[in-house]
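The values are calculated or read from the model by the stated rules, or taken from the named source; none is laboratory data. These figures come from a predicted structure and were not determined experimentally. Heads up, the Cβs are rebuilt from the backbone with ideal geometry, glycines too, and the neighbour counts pull from every protein chain shown. Accessible surface is based on the protein model in full, side chains and every heavy atom, while ligands, DNA and RNA are left aside. Shrake-Rupley method; radii C 1.70, N 1.55, O 1.52, S 1.80 Å.
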Amino acid sequence: MTDRTALTLADVLAASCTIRDVVETTPLVPSMLGPELGGELWLKLEIAQPIGAFKLRGAANAIARLPEGAAGVTCCSTGNHGRGVAYAAARKGVRAVVCMSELVPQAKVDGIRALGAEVHIRGRSQDEAQREASRLVAEEGLVDIPPFDDAHVIAGQGTIALEMLAAKPELDTLLIPLSGGGLAAGMALAAKAIKPDLRIVGITMDRGAAMQASILAGQPVEVEEMPSLADSLGGGIGLENRHTFALCRDLIDEIVLVSEDEIYRAMQSFYRADRMVAEGASVVAIAALQSGRLAPSARMGTVVTGRNVDMEQFTRVVTGQDVTLGDVTVKGGHHA
Ligand SMILES: *Cc1c(COP(=O)(O)O)cnc(C)c1O
């Protein structure tokens, strides 16, 4: 069973007060691609957060609400969640240990350290890193901050919808990049409480769409993880999912899947038209509209979720070169 009714708009409103000292209120600006896509597309620029991604919101809320006596926090993410935990903990003077395997590239290790966290490197797999995090919880009293399936994290991510609707109450559809579903669950919860007729569309890549597969199966299922231009959307939703599965199942009106070719093209278009650097995960709404997989509406909003790209891969995309992702190659070229 899930305790989905436990989370309400009040939790998101409380989070927006709680995280104000660590998290920026980001701009909401119109995309230059709107006319071509068939409707206004408003961009919530979470790339302007101090860690370059929205995950700071959930991490800051969870860290502000640590149980009494907690000795600090830990997590296993080497991506945006790890960066958010490291930064929010440093700002609050809380000890943070990010656990990783030996296979994690040095640049990522350095990036997390530079944000103020300790890094524990253990073994050659994510599982071994997770064992170290569990040990820190059991033996040193740290609290493991999950990347999405946590009530405080979901409420933190939901604050994005509050800011978007305060700035543009006329928005009729939110196009939300979807992976573990913390972002979509929090935003949908808040947005539908404020504006019940607002449409919520979750968008993810067709290579390993765990939330969609789970909703179709009626319960959390595992999917094979594959390399993607939208690497921040990779990973499962957890077979023991407690919150995001039920929230996404109940609150998302439609899920749209996009291909690697479509993400490639959207990254190029966004860079050329809006002149900003964004991860593949951040432009899936543009990919869905550009490809015709999603029909436009008059006033859409999406979240530009992160800018922490692999610069070499990003340069290849925007200069029209081929990109190899595991066993597939996305053919280069320039799209108008
Ligand atoms: C984590 C992340 C997402 C997806 O968020 P979920 O809560 O896992 O659905 C999207 N974009 C970026 C850049 C992310 O880091």
- Message: Taking the conditions exactly as written (surrounded by 18 or more Cβ atoms within 10 Å (Cβ to Cβ) and within 13 Å of the ligand (Cβ to nearest atom)), does V284 satisfy them or not?
- Response: yes
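Residue-wise test of (1) closer than 16 Å to T305 by Cβ; (2) in contact with a strand residue (DSSP E or B) (Cβ under 6 Å, 6 or more places away or on another chain); (3) in a loop (DSSP other than H, G, I, E, B); (4) not assigned by TED's automatic domain parsing to the domain that holds G306.
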position	(1), (2), (3), (4)
L171	no, yes, yes, no
L175	yes, yes, no, no
A184	yes, yes, no, no
A190	no, no, no, no
D197	no, no, yes, no
I203	yes, yes, no, no
Q212	no, yes, no, no
L216	no, no, no, no
V221	no, no, yes, no
- Query: Taking the range 155-175, which residues are under 25 Å from V258 (Cα atoms) and more than 8 Å from the ligand (Cβ to nearest atom)?
  - Reply: G158, I160, A161, M164, L171, D172, T173, L174, L175
- Exactly one condition in (1) open to solvent by 10 Å² or more (accessible area, probe 1.4 Å); (2) among the aliphatic types (A, V, I, L, M); (3) touching a Leu at 6+ places or on another chain (Cβ under 9 Å) is not met by A298; state its number. (3)
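Pick from the range 223-260 the residues that are in a loop (DSSP other than H, G, I, E, B) and of a type in the set (A, V, I, L, M, F, W, C): which of them is surrounded by the most Cβ atoms within 10 Å (Cβ to Cβ)?
Filtering first and then ranking leaves L229.
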- Task: Tally the residues that are in contact (Cβ under 8 Å) with a residue 40 or more places away in the chain and either out of contact with any helix residue (DSSP H, G or I) (no Cβ under 9 Å at 6 or more places or on another chain) or within 16 Å of H81 (Cβ to Cβ) (or both), restricting the search to the range 94-131.
- Result: 5
- Query: over 21 Å from the mean Cα position of the chain (by Cα), more than 16 Å from the ligand (Cβ to nearest atom), over 18 Å from V119 (Cα atoms) and not assigned by TED's automatic domain parsing to the domain that holds D274, is that true of P35?
  - Reply: no
- Query: Given (1) under 16 Å from the mean Cα position of the chain (by Cα); (2) part of a loop (DSSP other than H, G, I, E, B), where does S282 come up short, assuming only one miss?
  - Reply: (2)
- Note on the structure: Just one listed residue, out of A217, A273, A191, A209, is farther than 18 Å from V323 by Cα, open to solvent by less than 20 Å² (accessible area, probe 1.4 Å) and away from the ligand (no atom under 14 Å from the Cβ), and it is A191
